[in-house]
Amino acid sequence: MLELLLVTMEPDKYNKAQEFYTISNLYYDTKDNHLIRNSLSKPKYKEKLRIRAYSVWGRA
């Protein structure tokens, strides 16, 4: 499978050790879901409130 993926994809240049890692996203919105509704309408400019965390498997 990896060989097939490498035909069309490039390895992550920041992952020098070639370890698997997790990317976790947490999105916030208003009570009436204004941000996601606006985003789904495909405006030129989008706003989002996101917290993103990266972690390498097996590490705390």
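Values in this text are rule-based calculations from the coordinates and carry no lab data. Predicted model, so just to flag it, every value in this text is computed and none were measured. Neighbour counts are summed over all protein chains in view; Cβ atoms, including those assigned to glycine, are modelled from backbone coordinates with ideal geometry.
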- [ ] Take the Cα pairs of the range 1-59, get the Kirkwood Rh, then feed it into Stokes-Einstein at 25 °C and 0.890 mPa s and tell me D in µm²/s.
- [x] 166 µm²/s
Task: Length gained when the stretch LYS42-GLN18 is fully extended (0.36 nm per residue, less Cα-Cα span) - done: 5.1 nm
- [ ] Could you list LEU5, LEU35 in order of exposure, starting from the residue whose Cβ has the fewest other Cβ atoms within 10 Å?
- [x] LEU5, LEU35
Open item on the list: Show me the trypsin sites (Lys or Arg not before Pro) within the chain that DSSP assigns to loop and that have at most 13 other Cβ atoms within 10 Å of their Cβ.
Closed with: LYS13, LYS16, LYS31, LYS44, LYS46, LYS48, ARG59
Open item on the list: I need to check one value: relative contact order of the chain, counting alpha carbon pairs closer than 8 Å and at least 6 residues apart, in percent.
Closed with: 42 percent
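What does the charge count near ASN38 come to, summing +1 for each Lys or Arg and -1 for each Asp or Glu among other residues with Cβ under 15 Å from its Cβ?
Once all neighbours under 15 Å are counted, the net charge is +4.
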Task: FRET efficiency, LYS31 to VAL56 (Cβ-Cβ, R0 35 Å, nearest 0.05) - done: 0.45
Task: Helical mean residue ellipticity (222 nm; -39500 (n - 2.57) per DSSP H run of 4+; nearest 500) of the chain - done: -6000 deg cm²/dmol
